[in-house]
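Participant: One structure is given below, represented as structure tokens, and several questions about it will come after.
Please treat every number below as a calculation from the coordinates, not as lab data. If you're wondering where the values come from, they're calculated on a predicted model, not measured in any experiment. Reconstructed Cβ throughout: ideal geometry from the backbone, glycine too, with neighbour counts over all protein chains shown.
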Amino acid sequence: MARLPRLIVPQQPHYVIQRGLNGLAIFCDAQDHQAFLAWLRTAARQYKVALHAYTLLPGELHLLATPSDADGLGSMMQWIGRYYVPYYNQKYGRAGTLWQGRYKTSVVDADSYLLACSQYIEFAAVRLALAGSPEDYPWSSYPHHAGVRPDGAVTDHPRYWALGNTPFQREAAYIELAARGLAGADLRAIEAAVLKGWPLGSDKYKNELQHRMKRQVLPAKRGRPFKIKAETGSDEDLA
């Protein structure tokens, strides 16, 4: 099945994954992590992208971010690459691309999956046995959300703010959610959506998104063209 063209929706959160070429470690020491995060903060501000959650793993990075326009997310990723790749290549005596193709992304239904995606991202190091708990891993946004230390790179999403009226209440509620863990169905839904570039959300959300964007955002059924409802109620093929 062919991959759908990348979908970027302004003012909607997106889950982004970028991997190192052929399993290459893209972060080898604390200096690498710190350099990347500094450029990430700068690029997010420059291109008006709100970063809600992140984790930097040895061979890949995960972001949860909301672009203000259709070009901001791609421009941010390109800008970071223009700085980080030459830095990395010079430091480690290599040449050429650092990334395994283009970054992957999935538009996220904030009402259904924003907090689940945030926790999925922040627990990545625990799933890979790089840390015993998310607060022990220094290269993610979990310490910020749990009140361990503030992170200037993070812009809290309204769904996080809705967890409580004070910072303490929000942090305590987030820790409690994290302690419950994610259901297996949520884990599978997140992984499938991001890897395949599908929207992540309810069926209603996906259908509304498809009609709003006037383009296919889900795999079409075999042998049938994608159609949208015209205002008259008839079906029209989407060019």
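Participant: Grab the alpha carbons of region 90-158, take their convex hull, and tell me the volume per residue in Å³.
Facilitator: Measuring per residue, one finds 154 Å³ for the Cα hull of region 90-158.
Participant: Can you give the Rg and Dmax of region 1-59 based on its C-alpha atoms, in angstrom?
Facilitator: Values for region 1-59 (Cα only, Rg and Dmax): 13.9, 40 Å.
Participant: Here is a further query. Would you mind ranking Tyr87, Tyr142, Tyr47, Tyr92 by Cβ crowding within 10 Å, fewest neighbours first?
Facilitator: Least crowded to most crowded, the residues run Tyr92, Tyr87, Tyr47, Tyr142.
Participant: If you don't mind, there's one more thing I want to ask. Return a whole-number percent for the relative contact order of region 14-202, with Cα pairs under 8 Å and 6 or more residues apart as the contact set.
Facilitator: Worked out over region 14-202, it gives 26 percent.
Participant: Ordered by packing density, taken as the mean number of other Cβ atoms within 10 Å over each peptide's residues, highest first, how do 25-36, 172-183, 110-121, 7-18 rank?
Facilitator: 110-121, 7-18, 25-36, 172-183
Participant: Averaging over all projection directions, find the projected area of the Cα convex hull of the chain and quote it in nm² with one decimal place.
Facilitator: 14.7
Participant: I've got another one for you. Where does each of Val85, Val107 land when they are ranked from fewest to most other beta-carbon atoms within 10 angstrom?
Facilitator: Least crowded to most crowded, the residues run Val85, Val107.
Participant: What percentages, rounded to whole numbers, describe P(r) for region 1-131 computed over all alpha carbon pairs with 5 Å bin width beginning at zero?
Facilitator: With 5 Å bins starting at 0, P(r) equals 2, 10, 20, 23, 21, 15, 7, 2, 0, 0.
Participant: Next question. Kindly work out what percent of the DSSP beta bridges joining two residues of the chain are antiparallel, to the nearest 5.
Facilitator: 95
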